1. Set the Förster radius R0 to 30 Å, insert the Cβ-Cβ distance between SER138 and ALA32 as r into 1/(1 + (r/R0)^6), and round the FRET efficiency to 0.05.
2. Please work out the Cα center distance from the range 73-142 to the range 14-49, rounded to the nearest Å.
3. Using a Förster radius of 22 Å, what is the FRET efficiency between ASP101 and ARG41 based on their Cβ-Cβ separation? Nearest 0.05, please.
4. For the chain, with every protein chain kept in place, what is the accessible area per residue (1.4 Å probe, Å²)?
5. How much mean residue ellipticity at 222 nm does the chain get from its helices, if each DSSP H run of length 4 or more adds -39500 (n - 2.57) and you divide by all residues, to the nearest 500 deg cm²/dmol?
6. Need the list of lysines near LYS35 for cross-linking: C-alpha distance under 18 angstrom, and skip anything on the same chain fewer than eight residues off.
7. What percent does the relative contact order of the range 5-135 come to when contacts are Cα pairs within less than 8 Å and at least six residues apart?
8. Counting only protein heavy atoms, what percent of the accessible surface of the chain is carbon or sulfur at a 1.4 Å probe?
Amino acid sequence: MSSTVQRTLSILKPDVTQRNITGAINAMIEGAGFKIVAQRRTQLTRDHAAKFYDVHKERPFFRDLCAIMSAGPVVVQVLERDNAVHLYRELMGATDPKNADAGTIRHAHGKSIDENSVHGSDSLENAKKEIAFFFQDSDIIS
Ligand code: ATP
Ligand code: MG
């Protein structure tokens, strides 16, 4: 990787696998210039979800969030490009799909604030932690 290339952790949430739009979202991701350098379909338990979203444990929606994230399969993936963390947050759009700009994933596919189709790391530091939560270095092929 050159110095400006970053990796970020993306999750396609259960509302995506349930509607068979994994490919449609991956087309948006690749179309925006991200390389999908690791990808796995998996089923989170509530405990996994709770551990992953630990920073939100005091928030009122935490229980619902853990239930929704473990309600069906997810696709966890590592995305690579220059400035990946910030640019993937831009491609995802606002947390509430009602407020997401045209052209974003959540505008195109998000159902509601809690079924908003995608997760993306919110800082480079968290991206490193979140990637390590799901992947070993040897799983990631640039
Ligand atoms: P994510 O972390 O999933 O990428 P985000 O960074 O846009 O989303 P956060 O504030 O980190 O938003 O919230 C994590 C997730 O919790 C959101 O994606 C959403 O599914 C859920 N969430 C956030 N705020 C609310 C809320 N007010 N009511 C219900 N669910 C919420
Ligand atoms: Mg977040």
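1. Details: r = 27 Å, r/R0 = 0.89.
In this case the efficiency is close to 0.65.
2. The range 73-142 and the range 14-49 have Cα centres separated by 9 Å.
3. Numbers: r = 28 Å, r/R0 = 1.29.
That pair, ASP101 with ARG41, gives E of 0.20.
4. On the way: 7680 Å² over 142 residues.
Result: 54 Å² of accessible area for each residue.
5. Details: 7 runs with 55 residues, N = 142.
Only helices count here, giving -10500 deg cm²/dmol.
6. LYS128
7. Working: 230 pairs, mean separation 49.7, N = 131.
Across the range 5-135, relative contact order equals 38 percent.
8. Working: 3710 of 7680 Å².
Of the solvent-accessible surface of the chain, carbon and sulfur hold 48 percent.
The values are calculated or read from the model by the stated rules, or taken from the named source; none is laboratory data. As the structure is a computational prediction, the values presented were derived from the model and not from experiment. Positions of Cβ are generated from backbone atoms using ideal geometry, with glycine treated the same way; all protein chains shown enter the neighbour counts. Side chains included, ligands, DNA and RNA excluded: accessible areas come from the protein's heavy atoms. Shrake-Rupley method; radii C 1.70, N 1.55, O 1.52, S 1.80 Å.
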